[in-house]
Amino acid sequence: MRRLILDHALLPDGWAEHVGIDIEGGTIAAVHPNSASEGRERVAGIALPGLPNLHSHTFQRGMAGLAETRGPVGDSFWTWRQVMYRFLGSLTPDDVEAIAAFAMMEMLEGGFTALAEFHYLHHDADGRPYADIAELSGRIAAAARETGMGLTLLPVFYAQGGFGGAAPTEGQRRFVNDVESYARLLDGARKAVVGLDDAVVGIAPHSLRAVTPESLREVIAPAGEAPVHIHIAEQVKEVEDCLAWSGQRPVAWLLDHAPVDRRWCLIHATHLDAQEVEGIASSHAVAGLCPITEANLGDGIFEGADYLSRGGRFGVGSDSNIEISAPAELKQFEYSQRLKHRARNVLAEHEGQSTGRSLYDRALAGGAQALGRRIGAIAAGHRADLVVLDAAHPDLAAVSGDRWVDSYVFVAGKAVIDTVFVAGEAVVRNGRHVNREAIRARYSRAMARILS
Ligand SMILES: [Zn+2]
């Protein structure tokens with residue numbers, strides 16, 4: 001049993017002081033506000049529940065910054081994807097693990113304490129399965145073990161190159177499985193996370209363009225209670241191609257043809273008509289927003305105000321990992337809506353409510369639901385995942401309560417993160433991951449070789 005005492009903590013029913021928490025096996029056993037400090041380890045600062053990161057491709061951290069030079073014609077998501085396909089062509093299993101560990105370390109330093117890794121890089125550079133088909137899933141699990149990151153591993157089913165069952169392209173050779181080899185991959189992934197505390201394995205059809213209706217049905221059939229994540233409606237071209245193929249927009253098609261419910265996370269869902277907004281909200285699925293990546297890729301702006309006014313659930317993900325910061329994702333979401341609607345404090349629910357707090361609370365709930373784990377609250381029965389902010393920082397010292405969260409999200413960002421606990425263990429101290437030097441050195445060596 002580990003016994004901490006937190007100076008300030010955001011509990012499900014609000015702010016509390018001198019909060020004792022008892023931790024057993026990584027899970028909070030009891031919470032005692034206004035506790036005496038005797039026999040407890042003091043954690044100075046402002047403790048928030050750690051935010052879940054509901055969507056990432058960790059390997060893409062290695063190509064951050066490599067696609068920011070203007071090309072000959074109309075740069076877009078699709079030209080960025082060509083750079084990405086070239087980058088991943090040469091990655092070895094050791095590279096994948098080194099990059100994943102570096103990205104997870106930055107996530108922990110950036111306020112994320114759990115990750116849903118949407119993992120689609122499966123095979124060797126020639127497109128052949130490794131001797132263990134789940135070799136690279138094992139490397140993701142190893143990076144989570146090394147960094148302490150809480151993991152929901154989502155092995156991705158990718159079978160087609162476009163709508164209507166188009167054959168995959170050469171650039172997609174490392175992703176491709178059929179329904180039968182995908183089942184073996186899932187088995188392997190489940191073995192890879194054994195021993196990784198509280199990990200979950202979910203199911204992830206890559207997108208409607210990467211599956212057929214039949215294969216989609218087959219891969220989601222055995223999901224049970226596991227999370228199901230899918231990329232959807234990120235790009236206008238994807239909407240047009242889906243309309244040409246089926247006569248329906250992607251989200252409308254999915255809602256009509258798949259059992260979308262609270263297990264599901266619809267990644268991006270950028271391009272929606274009013275019926276689709278209502279359809280996702282009433283399905284109780286989570287919209288998996290990746291505001292920084294969506295801005296970087298020029299995807300478009302999510303229908304945030306309308307969706308949240310209908311009670312829609314959301315969480316945030318770092319996706320391409322071009323910038324890794326939990327508060328910056330929330331800020332970018334709100335700013336996208338301010339630019340769209342030419343207004344301020346668009347996503348707060350009512351007069352007098354803090355926008356930062358409102359975003360943070362809902363991203364905690366949506367993220368926890370999408371990851372399929374008991375996380376996202378400082379409460380008995382939840383994992384002891386905490387992000388502790390430096391209360392002496394000038395942006396925090398003179399304010400209190402929800403203003404702390406506004407300053408964290410809109411002003412100071414991840415620079416005010418002091419200590420981060422995952423499952424009751426401190427993995428970040430003084431803003432730095434406890435294994436930072438080794439993880440950074442290995443990443444630097446891998447990148448020097450990859451880019452040489
Ligand atoms: Zn993605």
* Can you give me the number of residues within the range 312-361 that are charged (D, E, K, R) and farther than 25 Å from residue 297 by Cα? => 4
* **Residue list for the range 207-233, filter: within 18 Å of the chain's Cα centre (by Cα) and open to solvent by less than 10 Å² (accessible area, probe 1.4 Å)** => 207, 227, 228, 229, 230, 232, 233
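Quick one: which helices (runs of 4 or more DSSP H) sit completely within the range 253-334 and have at least 3 residues that are over 17 Å from the mean Cα position of the chain (by Cα) and touching a residue at least 40 places away in the same chain (Cβ under 8 Å)? Walk me through how you get there before you give the answer.
Working: elements: 274-283, 291-296, 304-309.
Output list reads 304-309.
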* Asked: How many of the residues in the range 57-81 are within 16 Å of the ligand (Cβ to nearest atom) and not hydroxyl-bearing (Ser, Thr, Tyr)?
  -> 12
* Structure fact -> Filtering the range 237-252 down to residues that are touching a residue at least 12 places away in the same chain (Cβ under 8 Å), of a type outside the set (Asp, Glu) and more than 22 Å from residue 308 (Cα to Cα) yields 237, 239, 242, 244, 245, 246
* Being open to solvent by 60 Å² or more (accessible area, probe 1.4 Å) and charged (D, E, K, R) is the filter; apply it to the range 250-286 and report the residue that is nearest to the ligand (Cβ to nearest atom). => 262
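Just to be sure before I move on: is residue 153 within 27 Å of residue 266 (Cβ to Cβ), open to solvent by less than 10 Å² (accessible area, probe 1.4 Å) and in contact (Cβ under 8 Å) with a residue 40 or more places away in the chain in the structure I sent? Break it down into steps so the answer makes sense when it comes.
On the way: within 27 Å of residue 266 (Cβ to Cβ): yes; open to solvent by less than 10 Å² (accessible area, probe 1.4 Å): yes; in contact (Cβ under 8 Å) with a residue 40 or more places away in the chain: yes.
For residue 153, the condition - within 27 Å of residue 266 (Cβ to Cβ), open to solvent by less than 10 Å² (accessible area, probe 1.4 Å) and in contact (Cβ under 8 Å) with a residue 40 or more places away in the chain - is met.
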* Asked: Name the pairs: first residue in the range 40-63 and closer than 17 Å to residue 200 by Cα, second residue open to solvent by 10 Å² or more (accessible area, probe 1.4 Å) and assigned to a strand (DSSP E or B), Cβ to Cβ under 6 Å, at least 6 apart or on different chains?
  -> none
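Within the range 148-158, can one find any residue that is out of contact with any strand residue (DSSP E or B) (no Cβ under 9 Å at 6 or more places or on another chain), more than 18 Å from residue 193 (Cα to Cα) and in a loop (DSSP other than H, G, I, E, B)?
So the first thing to find is which residues in the range 148-158 are out of contact with any strand residue (DSSP E or B) (no Cβ under 9 Å at 6 or more places or on another chain), and the list is none.
Looking for residues that are out of contact with any strand residue (DSSP E or B) (no Cβ under 9 Å at 6 or more places or on another chain), more than 18 Å from residue 193 (Cα to Cα) and in a loop (DSSP other than H, G, I, E, B), one finds none in the range 148-158, hence no.
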* To do: Return yes when residue 190 is in a helix (DSSP H, G or I), open to solvent by less than 30 Å² (accessible area, probe 1.4 Å) and touching a strand residue (DSSP E or B) at 6+ places or on another chain (Cβ under 6 Å) and no when it is not.
  => no
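Search the range 293-325 for residues being more than 16 Å from the ligand (Cβ to nearest atom) and in contact with a Gly (Cβ under 8 Å, 6 or more places away or on another chain), and hand back the single one that is most open to solvent (accessible area, probe 1.4 Å).
Among those residues, the one meeting the criterion is 313.
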* Asked: For the range 34-74, how many residues are of a type outside the set (Val, Ile, Thr), assigned to a loop (DSSP other than H, G, I, E, B) and surrounded by fewer than 16 Cβ atoms within 10 Å (Cβ to Cβ)?
  -> 13
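Would you pick out the residues in the range 121-130 that are surrounded by fewer than 24 Cβ atoms within 10 Å (Cβ to Cβ) and closer than 29 Å to residue 226 by Cα? So that I can check it myself, show each step before the final result.
Filtering the range 121-130 down to residues surrounded by fewer than 24 Cβ atoms within 10 Å (Cβ to Cβ) leaves 121, 123-130.
Hits for the range 121-130 are 121, 123, 124, 127, 128, 129, 130.
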* Checking residue 125 against (1) closer than 25 Å to residue 191 by Cα; (2) touching a strand residue (DSSP E or B) at 6+ places or on another chain (Cβ under 8 Å); (3) of a type outside the set (D, E, K, R), the condition it does not meet -> (2)
* Quick one: residue 191 ticks every box in (1) out of contact with any Gly (no Cβ under 6 Å at 6 or more places or on another chain); (2) in contact (Cβ under 8 Å) with a residue 60 or more places away in the chain; (3) within 30 Å of residue 382 (Cβ to Cβ) except a single one, so which number is it? => (2)
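Given the criterion open to solvent by 50 Å² or more (accessible area, probe 1.4 Å), under 26 Å from residue 312 (Cα atoms) and among the acidic types (Asp, Glu), identify the matching residue among 329, 349.
Working: 329 fails: open to solvent by 50 Å² or more (accessible area, probe 1.4 Å).
Criteria check complete, one pass: 349.
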* Asked: Out of all the residues in the range 83-104, is one or more open to solvent by 20 Å² or more (accessible area, probe 1.4 Å) and either within 16 Å of the ligand (Cβ to nearest atom) or aromatic (Phe, Trp, Tyr) (or both)?
  -> yes
* Please give the number of the condition residue 174 fails out of (1) assigned to a loop (DSSP other than H, G, I, E, B); (2) open to solvent by 10 Å² or more (accessible area, probe 1.4 Å); (3) within 16 Å of the ligand (Cβ to nearest atom). => (2)
* **In the range 234-249, the residues that are assigned to a loop (DSSP other than H, G, I, E, B) and either among the basic types (Lys, Arg) or away from the ligand (no atom under 15 Å from the Cβ) (or both)** => 247, 248, 249
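Among the residues in the range 385-406, are any more than 15 Å from residue 326 (Cβ to Cβ), of a type in the set (Ser, Thr, Tyr) and open to solvent by 40 Å² or more (accessible area, probe 1.4 Å)? Lay out the reasoning, then the answer.
Narrowing the range 385-406 to residues more than 15 Å from residue 326 (Cβ to Cβ): 390-403.
Applying the additional criterion that residues be of a type in the set (Ser, Thr, Tyr) yields 400.
Then keep just the ones that are open to solvent by 40 Å² or more (accessible area, probe 1.4 Å); that gives 400.
Yes - at least one qualifying residue is present in the range 385-406.
The values are calculated or read from the model by the stated rules, or taken from the named source; none is laboratory data. Everything quoted here is computed from the prediction, not taken from an experiment. Neighbour counts are summed over all protein chains in view; Cβ atoms, including those assigned to glycine, are modelled from backbone coordinates with ideal geometry. For the accessible areas, the whole protein counts, side chains as well, though only heavy atoms, and no ligand, DNA or RNA atoms are used. Shrake-Rupley method; radii C 1.70, N 1.55, O 1.52, S 1.80 Å.
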